[in-house]
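**Q** Input: one structure, supplied below.
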Amino acid sequence: MLKLDDTTRMQADVRAGIASARPLLVRAAVFSVAVNILMLTGPLYMLQLYDRVLASRSGATLLALTVLAVALYGASSVIDFVRSALIARAASRFETRIADRAFDAAVDLARLSPSSAGDAPFRDVRAIRQALNSGAVISIFDAPFAPFYLMIVFMLHWSLGVLALAGALALVALAVINERISRKTIAAQMESQQASDALAGAAMRNAATADALGMRGAMRARWRALNDSVGDARGGDRMLSITSATKTGRLALQSLILGLGAWLAIRGVVTGGVMVAASIIAARALAPVEMAIGQWRLIGAGMQAFTRLNRILAAAPANEDRTALPPPSGRLTLERVFVRPVGVQKPVLKNISVSVSPGEALGVIGPSGAGKSTLARVMAGVEPIASGAVRLDGADIFQQPRDVIGRAIGYLPQETELFTGTIRENIARFREDAIDEDIVAAAREAGALDLILAQADGFETRIAERGPTLSVGQRQRVGLARALYGRPALVILDEPNAALDAEGEAALVAAIVKLKARGAAVVIVAHRPSALVQVDRLLFLVDGEQRALGPRDEVLARITGPRVSPTMIGQPLATQQPNARVTQDLGHDGGTSLSNG
């Protein structure tokens, strides 16, 4: 289970990502040596102009020095380009190496902690790449050469070196202060940014509801409040003030060195070339510090993202290679299962023990909030359990690779979500090896073939994430076809007829008959009686507890008494008498309604 507040050592995938980028960064560091040596071209050229060319008035010397300087500048440009390209490729290699793991962690985070920002790993990887691609890394590579430049200034004259060293220490002090005051600001801004983006995304996904209920203004005000906190004026102003002070300090130091050099030149201690060269070299020594302070917001965001990504990946379920098992037959067993979702104190499922055999259909009924949908997710292997075991053909379902075990399971959630793409791609679960015959067969088995062919482009009709081109009932039938694709051994249907009309319900019942006939295990969570026509056994839940389990007719008779005949569950609701609505509670622990939930 994901716990974002866990303190963990560096996760293996993060180490692997760093290892993949390290060779390129080492090469970039080597090129940095050449770049920084060639940075002396300008001051040395100025030194020679003042002390040699002007004194000798030699045009040939001036031409030779100029040609050499241009050549060195050209070489410096090429080497600097190569260094920048290596850093960019290192950032890309790190992202490529860790992208799959970050995607899996994001999905796990969204599944296990729905209230949190599931895209946090994506944001973190992006922030790390941006930090690596910025000038921050170059400033880190250049920083070790600052003492080298200061040493040269000392060689020109000790007083110039002392002044340059004092300026460098002052800028380093500003950098330390900047890091300390910006640490909390950057963390708070990143948290507010995530909350702001999450709220904006929710508002857009539920735009119709928000407008229908007059919530747009309230949502906008809340979003503005979060968005304004991202640009914290006080924290931002402090960081900007230090950046400005750093820039001004460097320029002032250059002028002071020029002034000191001029005073020394007047006294005949140094030449005019030394004066100019010392100013340029000192500025070069201070450039990495100034650049680091100017890029600190990006650097800080990258460091925060790196720490959080490492923590998330270390806490997320590991993707381990396991011995491949034969395709399951569909025998599902739950053994004393307890479930307590993240942030919930009281278990929502308590001591559930039930099994489903191939060719058998199990119905799950109970009042709203009884834990039926949670149980369906547990059976599908996507809801973690606190204790107990969930086994498919004897193997722990949570220990199997999701992409492998998922192909043997057909799952239709209570709220059918379709992904951006074509109807064909959604039914095929976006598998690249999907065969057209299997896609058509799944659509036909779900009774959705005619409605798909009636669309403008048939199976190639494009739909958005929530399927706005399809009605709710049509979306549910396409979702059923997706659940049946690939002839899964275990099919779990959560409220499969909630949005279906009479034709859709007939198709659903026919699909369940076919599933049982070919030996699939079927679990149906239902409120409406028509979905229970073909079930063999019923599990009755109340407040997360298993109150009744057995043959369908016996369980119905036990929880409803003589008022409902078992044969009535296959009748349309309109033909049932009012007193036939199943509203009797069991032991006064909570009511159930098979007709309206």
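The values are calculated or read from the model by the stated rules, or taken from the named source; none is laboratory data. This structure is a prediction, so every number in the text was calculated from the model and none was measured. Cβ placement follows ideal geometry from the backbone for every residue including glycine, while neighbour counts extend to all protein chains displayed. Ligands, DNA and RNA are excluded from the accessible area calculation, which covers all protein heavy atoms including side chains. Shrake-Rupley method; radii C 1.70, N 1.55, O 1.52, S 1.80 Å.
**Q** Just a yes or no: is a residue in the stretch 360-381 in contact (Cβ under 8 Å) with a residue 60 or more places away in the chain, surrounded by fewer than 18 Cβ atoms within 10 Å (Cβ to Cβ), closer than 23 Å to Asp536 by Cα and of a type outside the set (Ser, Thr, Tyr)?
**A** Scanning the stretch 360-381, I find no residue that is in contact (Cβ under 8 Å) with a residue 60 or more places away in the chain, surrounded by fewer than 18 Cβ atoms within 10 Å (Cβ to Cβ), closer than 23 Å to Asp536 by Cα and of a type outside the set (Ser, Thr, Tyr), so the answer is no.
**Q** Right, next: Identify, from the list Glu432, Glu437, Glu417, the residue that is surrounded by fewer than 15 Cβ atoms within 10 Å (Cβ to Cβ), modelled with pLDDT of 90 or more and on the phi < 0 side of the Ramachandran plot.
**A** The unique qualifying residue is Glu437.
**Q** Among the residues of the stretch 442-463, write down those that are part of a helix (DSSP H, G or I) and without any contact (Cβ under 8 Å) to a residue 12 or more places away in the chain.
**A** Arg444, Leu449, Asp450, Leu453
**Q** Pull up the stretch 542-561, narrow it to residues that are touching a residue at least 24 places away in the same chain (Cβ under 8 Å) and touching a Pro at 6+ places or on another chain (Cβ under 8 Å), then point me to the one that is nearest to Arg336 (Cα to Cα).
**A** That would be Gly544.
**Q** Here are the criteria: (1) closer than 24 Å to Ala456 by Cβ; (2) more than 36 Å from the chain's Cα centre (by Cα); (3) of a type in the set (Lys, Arg). Tell me which single one Arg518 does not satisfy.
**A** Evaluating Arg518 over (1) closer than 24 Å to Ala456 by Cβ; (2) more than 36 Å from the chain's Cα centre (by Cα); (3) of a type in the set (Lys, Arg) leaves (1) as the failure.
**Q** Which pairs have Cβ atoms under 7 Å, sit 6 or more apart or on different chains, and link a residue in the stretch 133-148 that is on the phi < 0 side of the Ramachandran plot to one that is surrounded by fewer than 19 Cβ atoms within 10 Å (Cβ to Cβ) and modelled with pLDDT of 85 or more?
**A** As it stands, the answer is Asn133/Ala88; Phe141/Ala29, since those pairs meet every condition given.
**Q** Sort out which residues of the stretch 395-407 are surrounded by fewer than 19 Cβ atoms within 10 Å (Cβ to Cβ) and either outside any loop (DSSP other than H, G, I, E, B) or modelled with pLDDT of 85 or more (or both), and write them in order of number.
**A** Across the stretch 395-407, the qualifying residues are Ala395, Asp396, Phe398, Gln399, Arg402, Asp403, Val404, Gly406, Arg407.
**Q** Still on this structure, I have one more. Say we look at the stretch 88-107 and pick out the residues that are more than 13 Å from Ala19 (Cβ to Cβ) and of a type in the set (D, E, K, R); which of these is least open to solvent (accessible area, probe 1.4 Å)?
**A** Here the answer is Arg101.
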